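Have a look at the structure below before the remarks.
The values are calculated or read from the model by the stated rules, or taken from the named source; none is laboratory data. Owing to the predicted nature of the structure, the values given are computational and were not obtained by experimental measurement. Cβ sites come from the backbone with ideal geometry, for glycine too, and all protein chains shown count toward neighbours.
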Amino acid sequence: MAWIESARRQAQMAGAAFAPPGLLSSGVSRIVDGTFQIAMGKSSYDSYKARSIVLATGSTPRRLDLGHESNLFGSTLHSCAICDGPLYTSTHTVLVVGGGESALEAVALLSRRVKKVYLIHRRIQFTANNAMKRVGKFGNVEVLSPFRVIEWLSNANDAGQLRGAKLRGVSDTDEDAETKTLAVDGAFVMIGSHPNTDFLEGSGIKLDESGRVILESNNKGDGKFTTQTSVPGIFAAGEVVDGLYRQAVTAAGEGARAAMDVERWLQAHGKGGQGVGNIAASTAKMGVGLQAAEQRVAKEHRAASVGSRGDQTDRNEVEGEGGNKSGEEDCDLVQSSCITSLVSSHPVVVFSKPWCPYCRRALEILALNGVLESNPNMRVIDLAAHPRGRDVQGTLGKMTGRRTVPNVFVGGSSIGGGDETVALQNGGKLKGLLLKAGAVGS
């Protein structure tokens with residue numbers, strides 16, 4: 001989104017440095033000089049030092065851990081109805097798993113868009129308030145409880161396309177349990193999330209029974225810090241502390257509070273304005289890579305904005321800025337043969353959208369590995385500006401099992417999306433794939 005890019009640039013203008021994307025912390029500790037050390041585990045960036053920390057690591061949606069889930073998630077299996085609900089229309093039937101507020105909210109949203117919604121819950125009683133009364137308002141919702149999903153059924157010719165779900169009733173013995181098979185086009189697993197706090201073990205930061213960070217507001221003489229954790233100098237915001245609202249706008253507000261708390265805490269302890277650590281050095285090491293990625297994202301945003309105005313002259317000017325021009329394919333990208341030709345003729349192809357944070361993450365990782373804006377071996381296809389972008393995503397879904405963006409192709413094969421690209425980078429495998437594809441030199 002444009003406001004995210006604007007906020008990032010504003011932070012950089014104010015002196016903020018950004019570490020390479022995709023790094024995973026393996027621990028946080030206080031060292032002898034009073035600062036905090038953030039260990040990075042298996043990474044070329046060993047650790048960072050800081051005088052204060054804001055934990056904003058979010059949470060990971062829970063899954064049912066059934067077969068085919070790895071192929072289905074990101075395509076027709078989802079964990080956010082607000083994000084992915086628009087993929088479905090009045091011709092589709094979807095399934096929602098869960099019994100809490102998030103599941104009921106998903107049902108309410110989806111029931112206005114699709115032909116039919118199945119709500120599956122493994123207990124008779126729902127944790128959401130007045131669940132059955134709320135669901136009863138929607139004539140296209142059918143509740144099945146106590147039932148659980150025991151198998152996802154995917155299309156034989158498309159592993160990423162869900163065609164149904166097999167259910168089993170919850171009873172004392174499997175022999176007595178009723179089974180059902182439902183035909184569905186998509187499913188939303190709304191059973192909560194796991195806070196990304198495993199790396200905090202041994203740090204002294206208190207967590208609740210679900211693993212979320214406990215805030216301990218400090219109202220004593222050195223200041224009022226409403227986002228402080230049990231360790232003075234470490235603050236937290238977003239889904240790592242909030243399991244209820246879980247929205248970007250609420251996390252942003254908490255992040256602003258945490259940033260103000262940090263500033264006040266540093267001033268109260270005589271540490272304001274003192275630089276520390278190796279973040280600046282690491283950012284300098286990234287150098288041209290991140291700058292190129294920033295320029296590419298800015299160009300994509302301008303292209304999308306121009307496209308929404310319908311100004312063809314300006315569109316041509318934007319598309320003519322560099323080597324990675326979208327919209328100039330000689331064939332129809334809705335056809336799988338066209339996509340196959342495109343990814344076979346370019347070492348790296350990324351199907352992307354300007355406002356997608358996962359797209360940005362993937363593109364930054366590629367830039368760090370030398371696949372830059374000026375690299376003629378790379379193509380970025382902006383599906384937001386494509387007149388049939390949704391249909392192209394459908395074709396990509398059939399070809400790769402993934403119809404969400406980004407979809408990153410290296411050497412003619414899809415390596416996945418943003419998370420998968422990060423995982424390959426952290427595992428030390430991405431560079432080898434890029435070398436083998438001829439995207440970068442040895």
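Mind listing whichever residues of the stretch 61-85 are over 17 Å from the mean Cα position of the chain (by Cα) and free of Cβ contacts under 8 Å to residues at least 40 places away in the same chain?
If the condition is that a residue be over 17 Å from the mean Cα position of the chain (by Cα) and free of Cβ contacts under 8 Å to residues at least 40 places away in the same chain, then D65 is the only one that fits.
If you take the residues in the stretch 338-371 that are of a type outside the set (A, V, I, L, M, F, W, C) and under 19 Å from the mean Cα position of the chain (by Cα), which one is farthest from L383 (Cα to Cα)?
For the stretch 338-371, the residue satisfying everything is E364.
Listed here are the residues, each with its yes/no results for (1) over 16 Å from C359 (Cβ atoms); (2) buried (at least 22 other Cβ atoms within 10 Å of the Cβ); (3) in contact with a helix residue (DSSP H, G or I) (Cβ under 8 Å, 6 or more places away or on another chain).
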position	(1), (2), (3)
T395	yes, no, yes
K398	yes, no, yes
V405	no, yes, yes
V410	no, yes, yes
G432	yes, no, no
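Can you find even one residue in the stretch 167-179 that is in contact (Cβ under 8 Å) with a residue 24 or more places away in the chain, assigned to a strand (DSSP E or B) and not assigned by TED's automatic domain parsing to the domain that holds H78?
No, because not a single residue in the stretch 167-179 is in contact (Cβ under 8 Å) with a residue 24 or more places away in the chain, assigned to a strand (DSSP E or B) and not assigned by TED's automatic domain parsing to the domain that holds H78.
So which residues in the stretch 62-83 are farther than 22 Å from L244 by Cα and either of a type in the set (F, W, Y) or at pLDDT below 90 (or both)?
Across the stretch 62-83, the qualifying residues are G67, H68, E69, S70, N71, L72, F73, G74, S75.
Testing P354 on (1) touching an Asp or Glu at 6+ places or on another chain (Cβ under 9 Å); (2) at pLDDT below 85; (3) within 19 Å of A439 (Cβ to Cβ); (4) crowded, with 21+ Cβ neighbours inside 10 Å, one condition comes back false. Which one is that?
For P354, the exception is condition (3).
Looking at the stretch 99-106, is at least one residue in a loop (DSSP other than H, G, I, E, B), touching a strand residue (DSSP E or B) at 6+ places or on another chain (Cβ under 7 Å) and either free of Cβ contacts under 8 Å to residues at least 60 places away in the same chain or not assigned by TED's automatic domain parsing to the domain that holds A237 (or both)?
no
Kindly indicate whether V371 is buried (at least 23 other Cβ atoms within 10 Å of the Cβ), at pLDDT 85 or above, more than 25 Å from S70 (Cα to Cα) and β-branched (V, I, T).
When the stated conditions are applied, V371 passes them.
What's the number of the condition Q425 fails, among (1) over 25 Å from G85 (Cβ atoms); (2) modelled with pLDDT of 90 or more; (3) polar (S, T, N, Q); (4) touching a helix residue (DSSP H, G or I) at 6+ places or on another chain (Cβ under 7 Å)?
With respect to (1) over 25 Å from G85 (Cβ atoms); (2) modelled with pLDDT of 90 or more; (3) polar (S, T, N, Q); (4) touching a helix residue (DSSP H, G or I) at 6+ places or on another chain (Cβ under 7 Å), Q425 is out only on (2).
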